[in-house]
1. Can you give me the number of residues within the range 104-121 that are within 20 Å of Asp81 (Cβ to Cβ) and either more than 21 Å from the chain's Cα centre (by Cα) or not hydroxyl-bearing (Ser, Thr, Tyr) (or both)?
2. Go through Leu93, Leu41, Leu48, Leu137 for me and flag whichever is in contact (Cβ under 8 Å) with a residue 40 or more places away in the chain and on the phi < 0 side of the Ramachandran plot.
3. Among (1) over 27 Å from Asp139 (Cβ atoms); (2) surrounded by 12 or more Cβ atoms within 10 Å (Cβ to Cβ), which single condition is Gln66 missing?
4. With the requirement that a residue be of a type in the set (Lys, Arg) and either part of a loop (DSSP other than H, G, I, E, B) or at pLDDT below 95 (or both), what does the range 79-129 give you?
5. When you check Ala84 against the structure, is it of a type outside the set (Ser, Thr, Tyr) and over 17 Å from Ala134 (Cα atoms), yes or no?
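The values are calculated or read from the model by the stated rules, or taken from the named source; none is laboratory data. Note that the coordinates shown come from a computational prediction; the quantities given were computed from them, not determined experimentally. Quick reminder, even Gly has a Cβ in these numbers, built from the backbone with ideal geometry, and neighbours come from all protein chains shown.
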Amino acid sequence: MLGKLATYLRMCGYDAAYVAERGIESDDDILALAHTEGRVLVTRSRRLAARGERTELLSTRDVTEQLRELREAGFDLDLADEPARCSACNGPLELVDRTEPTPDYAPETHEETVWRCRNCGQHFWKGSHWDDVAATLDDL
């Protein structure tokens, strides 16, 4: 239910697990995961939030409004100077050496700084998507 929000949180450097990516559906399993991994559970479900140890209940479906709610709750929602988490899978990113080739969809490393996810191998750089996210966060 909060997949877009997870992407924004990852771009802000948060280790943001998204249960749908892990195939977890039951409330009991979600609560167990949050407890075991020491996570804040961010949800729109009142019932789930009431059962959790550390929860943040969101009231809106719109991702910009969800970000606004989190900022008001004290979450730091600024992009880091360098991306740290994969927005696709949440894995840690590593800098790609300037001598390494990149996939066709990514810029060449001698033209742009590029990072690679250690888990899924996806490549990232500060392109127009980064600028769009920064503008959204600036407008909160």
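1. First, pick out the residues of the range 104-121 that are within 20 Å of Asp81 (Cβ to Cβ): 106-107, 109, 111-118.
In the following step, the residues that additionally are either more than 21 Å from the chain's Cα centre (by Cα) or not hydroxyl-bearing (Ser, Thr, Tyr) (or both) were identified as 106-107, 109, 111-112, 114-118.
The qualifying residues number 10.
2. On the way: Leu93 fails: in contact (Cβ under 8 Å) with a residue 40 or more places away in the chain; Leu41 fails: in contact (Cβ under 8 Å) with a residue 40 or more places away in the chain; Leu48 fails: in contact (Cβ under 8 Å) with a residue 40 or more places away in the chain.
Exactly one residue qualifies, and that residue is Leu137.
3. Gln66 satisfies all of (1) over 27 Å from Asp139 (Cβ atoms); (2) surrounded by 12 or more Cβ atoms within 10 Å (Cβ to Cβ) except (1).
4. Result: Arg98, Arg118, Lys126.
5. On the way: of a type outside the set (Ser, Thr, Tyr): yes; over 17 Å from Ala134 (Cα atoms): no.
For Ala84, the condition - of a type outside the set (Ser, Thr, Tyr) and over 17 Å from Ala134 (Cα atoms) - is not met.
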